[in-house]
Amino acid sequence: MVRIQFAIDLQYELNFPGADFVFNIQAAQTTSQRLISETLQISQQVPATVQIDPDTRARYLRLTGLAGPLQVKYQATVDIDHYVGDPDQIAETPIAELPLSVLSYIYPSRYCQSDRLAVLAMNEFGLLPKGYRRVEGIRNWVNQHITFRSNTSSSTTSALDTLTDRVGVCRDFAHLMIAICRALNIPARFASGIDYGADPTLGPTDFHAYVEVYLSGRWYLFDPSGTAIPMGFIRLGTGRDAADVSYATIFGSVVNPPPPPIISIVALSEPGMPWEMPRHRQEALSTAAAVDVV
């Protein structure tokens, strides 16, 4: 088990008459990720509601901000209990046996044009034995063929763009891996979160995008960018691609582009407690089953 504490600070300056927001910054509550404590502060005195996705357990904070400054601060402590599997015993699931909630993750989506990558996927991975090791091979291929470089992509960059440009940030690595998996009929989804253990040379702590692949009845964690430690991922949201899990979607206008989020994260340890420090592991890790409820 891992215990992690993190905080997020977002600031905006809104034009008149204001704007509607949908935030995905609160820790998802699942059977594997248990919320110990949390606080939410909103600088404006406006009504706010939190809605929970029944399938992914992601939480969406909705509010209408008024003209002027708006600050949203969130802090939480969570316990994460990872399922640990033997990679050589984890199989791909036949299409006919996929749960209905998983089917949407084998189709192309806005940023993951899997239908355009079928030839590449079959040439590179079509003859490999099916299972976790094949997906691991896809993860390694993406990591080796794409260079991580900050500020090299935009909100419109897709998996095809990343394959052409050969550079990107974590969300671009995730989109490309997802598209290749889906081209092989392997369900894969985009996960957004906060990560403990990221390389500090990459800059300040930020939101992190990673991949979950459905194998043997569970969603297994993969980090194609290789910039973080999967054991230290805090789940915020999951979806078909980045369009589904933006940390802030704004319907309205802001005075200037908002400053970058201020994010902090720390893994907790204490003598006599069962908390581990996040570390790289050779085993397969999962924090979500096919239907994940609390």
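Inside the stretch 13-33, can you point out the residues that are under 16 Å from Thr56 (Cβ atoms) and part of a strand (DSSP E or B)? Break it down stepwise before answering.
Of all residues in the stretch 13-33, those under 16 Å from Thr56 (Cβ atoms) come to 22-33.
Scanning the stretch 13-33 gives Val22, Phe23, Asn24, Ile25, Gln26, Gln33.
Residues that are touching a residue at least 60 places away in the same chain (Cβ under 8 Å) and in a strand (DSSP E or B) occur at least once in the stretch 179-189.
Against the test of being crowded, with 19+ Cβ neighbours inside 10 Å and either under 25 Å from Arg171 (Cα atoms) or outside the structural domain of Phe222 (by TED's automatic domain parsing) (or both), the options Tyr111, Tyr107, Tyr83 yield a single qualifying residue, Tyr111.
When you look at Ala174, is it among the small types (Gly, Ala, Ser), under 15 Å from the mean Cα position of the chain (by Cα) and assigned to a strand (DSSP E or B), yes or no? No. Applying the criterion of being touching a Gly at 6+ places or on another chain (Cβ under 6 Å) and closer than 30 Å to Asp88 by Cα to the residues of the stretch 235-256, the residue that is surrounded by the fewest Cβ atoms within 10 Å (Cβ to Cβ) is Leu236.
The single condition among (1) over 22 Å from Val213 (Cβ atoms); (2) touching a helix residue (DSSP H, G or I) at 6+ places or on another chain (Cβ under 9 Å); (3) surrounded by fewer than 16 Cβ atoms within 10 Å (Cβ to Cβ) that Gln89 does not satisfy is (1). Residues of the stretch 257-289 being surrounded by 13 or more Cβ atoms within 10 Å (Cβ to Cβ), farther than 23 Å from Arg133 by Cβ and among the polar types (S, T, N, Q), which ones? Matches in the stretch 257-289: Ser264 only.
The values are calculated or read from the model by the stated rules, or taken from the named source; none is laboratory data. Note that the structure is predicted; figures quoted are calculated from it, not measured. Neighbour counts run over all protein chains shown; Cβ positions are idealised from the backbone, glycine included.
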